[in-house]
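*Asks:* Could you have a look at this structure, given as structure tokens, before my questions?
The values are calculated or read from the model by the stated rules, or taken from the named source; none is laboratory data. Small disclaimer: the values here were computed from a predicted structure and weren't measured. Cβ atoms come from the backbone with ideal geometry, glycine included; neighbour counts cover every protein chain shown.
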């Protein structure tokens, strides 16, 4: 008997496999970054079809089998990309997702990191300076991941934030 894990997740990427299957890269609140397979999800009759699109926030039910994670159920909440109208807002969400995919490796829970990124992505239309918001979010992520010491990001200049993030990326070797 397999245990079902239910958690909130962000779809960071999706890869088609076979005729109608899909492998999805999920950043989950309770299990970190993982890949999960979903069978027949690309068929028109699939109930999971629209919930497993890139940049979707959802509640997902997973089981861990011999060959890895499998998706058994999806309850979509929203797609953070859909309500964005400007190129800068879409770039903001795309860049944060790329950063997540680069920096978060393996199945290690980080609820605080998950909540921070989801809040930033949902609030993208509200930010006046998206470049600054992006740098602040990445800096906070580097602090949570242990690559930078805790600092008040509001007091740092854009140049210092950029240098700190570059230093953290170099230190991570990712």
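Yes/no per residue for (1) touching a strand residue (DSSP E or B) at 6+ places or on another chain (Cβ under 9 Å); (2) surrounded by 12 or more Cβ atoms within 10 Å (Cβ to Cβ):
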position	(1), (2)
102	no, no
107	yes, yes
114	yes, yes
125	no, yes
137	no, yes
148	no, yes
155	no, no
161	no, yes
169	no, yes
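*Asks:* Is it true that residue 61 is in contact with a strand residue (DSSP E or B) (Cβ under 6 Å, 6 or more places away or on another chain) and buried (at least 19 other Cβ atoms within 10 Å of the Cβ)?
*Replies:* No: the conditions fail for residue 61.
*Asks:* When you scan segment 35-50, do you find a residue that is surrounded by 15 or more Cβ atoms within 10 Å (Cβ to Cβ), within 30 Å of residue 172 (Cα to Cα) and touching a residue at least 40 places away in the same chain (Cβ under 8 Å), even just one?
*Replies:* no
*Asks:* When segment 13-28 is examined, which residues are found to be surrounded by fewer than 20 Cβ atoms within 10 Å (Cβ to Cβ) and either at pLDDT 90 or above or touching a strand residue (DSSP E or B) at 6+ places or on another chain (Cβ under 8 Å) (or both)?
*Replies:* Within segment 13-28, 13, 14, 15, 16, 17, 21, 23, 25 qualify.
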